[in-house]
Amino acid sequence: MKIRINGKIVDITLEQEKTVGEVMASLEKWLADSGHRLSGLYIDEQRASSSSLEEIFKREIDTINNIDITTSSIAELSAESLLGLIADIQEYEKLNFEEKNKYIDIWKERPQALFIAEQMPDLHSFYVNCFSGSDMSSGVIFSITEERLREVKDPLLELSKMQQLLDETCARLVDLALDIQTGKEGRAAQTIQIFSGIAEKVLRIYRQLKIQGYMSEAPDLNEKPITQIINGFGVLLNDLLEAYEKQDTVLVGDLAEYEAEPRLKELYTAILKNSRQMPETDEAVKAVK
């Protein structure tokens, strides 16, 4: 039996799999790790429909010659969903008061809403709040969605454009202890907020770089693996936010200057250094306009 994914024969050694369903279950993790989703299944050139899947999954593989699988990249699906969200905002703005009150129930069942709920839950919550009549304006969400779309369509460019903002944030982190000591509480709070936002954006872009095939996960022998840097950065971020919430000003100042500032630079530099300009999904994603 041959297994083809997007027209290419894949070299997969089947062990205990005896049915189509067991084969698909084995491939599920591979698809997820490679940043893809199943979009079509063909058994001996016959397309499997949603109504026939249950029976097809029960079929013994020794009765089948070919399994053909088609996939869509998560990055491409993300770009399409984000464009769908932008259209949703534009549609929402044209509704009257009564129609806006009913819109959330319609919107929650749309494919882009379901996809974003899984892949970008924070963005999904913004839309739920907006379409439920909260204080979050559609204009703000529109800008956030456009930013996420840039991150998906060209993550490496979006990351490289952050250099100046990152440098300014690092300078503010060094000054955070002095700001707290001199009573500049507003500026200190703003610094924490900016740092959190920058950190989240860097990590979001890293995820996009990884699933789109930009990342080389084999650093030089004398360098830390990126996963180690990210894990340490995550711990630091939690420690800093916890110390700030407890108003431990001494610890906040020390963590900001001696931990957050150098680690943010380390994370940003490591991602840039280990990224490359040859993602397989690049052209497909950029074609989504």
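The values are calculated or read from the model by the stated rules, or taken from the named source; none is laboratory data. All values derive from a computational prediction rather than experimental measurement. Cβ placement follows ideal geometry from the backbone for every residue including glycine, while neighbour counts extend to all protein chains displayed.
Between 62, 68, which is surrounded by fewer than 15 Cβ atoms within 10 Å (Cβ to Cβ) and touching a residue at least 60 places away in the same chain (Cβ under 8 Å)?
Only one candidate qualifies: 62.
Let's see how each residue does on (1) within 18 Å of residue 257 (Cα to Cα); (2) in contact with a Leu (Cβ under 9 Å, 6 or more places away or on another chain):
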position: 165; (1), (2): yes, no
position: 174; (1), (2): yes, no
position: 178; (1), (2): yes, no
position: 185; (1), (2): yes, no
position: 196; (1), (2): yes, yes
position: 215; (1), (2): no, yes
position: 226; (1), (2): no, yes
position: 238; (1), (2): yes, no
position: 241; (1), (2): yes, no
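Using the structure shown, decide if residue 210 is at pLDDT below 95 and charged (D, E, K, R).
Considered against the rule, which asks whether it is at pLDDT below 95 and charged (D, E, K, R), residue 210 comes out as yes.
Inside the range 24-58, can you point out the residues that are within 30 Å of the chain's Cα centre (by Cα), in a helix (DSSP H, G or I), within 20 Å of residue 1 (Cα to Cα) and not acidic (Asp, Glu)?
24, 25, 26, 27, 30, 31, 53
Can you name the residue in the range 13-40 that is among the hydrophobic types (A, V, I, L, M, F, W, C) and in contact with a Ser or Thr (Cβ under 8 Å, 6 or more places away or on another chain) and is also farthest from residue 111 (Cα to Cα) among such residues?
14
Taking the range 109-141 as the search range and keeping residues that are over 21 Å from residue 76 (Cα atoms) and not in a helix (DSSP H, G or I), which one is modelled with the highest pLDDT?
Within the range 109-141, the match that is modelled with the highest pLDDT is 132.
Take the conditions closer than 18 Å to residue 155 by Cβ, modelled with pLDDT under 95 and under 20 Å from the mean Cα position of the chain (by Cα) and apply them to residue 271. Does it pass?
Yes, satisfied.
Among the residues of the range 71-90, write down those that are in a helix (DSSP H, G or I), over 13 Å from the mean Cα position of the chain (by Cα) and in contact (Cβ under 8 Å) with a residue 12 or more places away in the chain.
80, 83, 84, 85, 86, 88, 89 - these are the residues of the range 71-90 that are in a helix (DSSP H, G or I), over 13 Å from the mean Cα position of the chain (by Cα) and in contact (Cβ under 8 Å) with a residue 12 or more places away in the chain.
Results for (1) surrounded by 15 or more Cβ atoms within 10 Å (Cβ to Cβ); (2) of a type outside the set (A, V, I, L, M); (3) in a helix (DSSP H, G or I), shown as yes or no for each residue.
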site	(1), (2), (3)
188	yes, no, yes
194	yes, no, yes
202	yes, no, yes
208	yes, yes, yes
224	no, yes, no
231	no, yes, yes
236	yes, no, yes
251	yes, no, yes
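Within the set of pairs 6 or more residues apart or between chains, which connect a residue that is in contact (Cβ under 8 Å) with a residue 24 or more places away in the chain inside the range 6-29 to a residue that is part of a loop (DSSP other than H, G, I, E, B) and not hydroxyl-bearing (Ser, Thr, Tyr) with Cβ atoms less than 6 Å apart?
20/59; 23/17
Is it fair to say residue 190 is out of contact with any Pro (no Cβ under 8 Å at 6 or more places or on another chain), polar (S, T, N, Q) and at pLDDT below 95?
Considered against the rule, which asks whether it is out of contact with any Pro (no Cβ under 8 Å at 6 or more places or on another chain), polar (S, T, N, Q) and at pLDDT below 95, residue 190 comes out as no.
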